[in-house]
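The values are calculated or read from the model by the stated rules, or taken from the named source; none is laboratory data. Note that the structure is predicted; figures quoted are calculated from it, not measured. All Cβ positions, even for glycine, are placed from backbone atoms using ideal geometry, and neighbour counts span all protein chains on display.
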Amino acid sequence: MFSLHSWLGIITICALGLQWLLGFFTYWFPGAEKSTKATLKPWHTFAGMVTFLMGICTAEIGLAWISYYLDRSQEALIVNFTGLLIYLFAVCASLSVILPPVD
């Protein structure tokens, strides 16, 4: 573990596991009060967005790391296009969480 990509990857995986465990015991596991679920929902959503964006940043840093060592223009084009698609996916997914639902 010597690069920023690997550090962010480990932190993201740990955050994802923590988010999953807290979500499981709060929302799926029986016994949680409705008031507790309602209180934790904004924080759960926020933590999920942070974890998702950390994963996106980790992927983009990994692609940048790969593109540094590429010599061929065709491979660099594929890496850049993949990075652009990941970015567009992150924008769409973030907007779907942030914007209010349409009735």
* To do: Would you mind finding the one in Val91, Val79 that is exposed (fewer than 12 other Cβ atoms within 10 Å of the Cβ), in a helix (DSSP H, G or I) and among the β-branched types (Val, Ile, Thr)?
  => Val91
* **Those residues of segment 60-75 which are surrounded by 11 or more Cβ atoms within 10 Å (Cβ to Cβ) and closer than 21 Å to Ser3 by Cα, in sequence order** => Glu60, Ile61, Gly62, Leu63, Ala64, Trp65, Ile66, Ser67, Leu70
* Structure fact -> Scanning segment 16-47 residue by residue, those in a helix (DSSP H, G or I), surrounded by 12 or more Cβ atoms within 10 Å (Cβ to Cβ), modelled with pLDDT under 95 and among the small types (Gly, Ala, Ser) turn out to be Gly23
* Only residues in segment 70-85 that are free of Cβ contacts under 8 Å to residues at least 12 places away in the same chain and under 21 Å from Cys57 (Cα atoms) count as the first member; pair them with residues that are in a helix (DSSP H, G or I) and not β-branched (Val, Ile, Thr), Cβ under 8 angstrom, at least 6 apart or cross-chain, and list the lot. => Leu70/Ala76; Ala76/Ser67
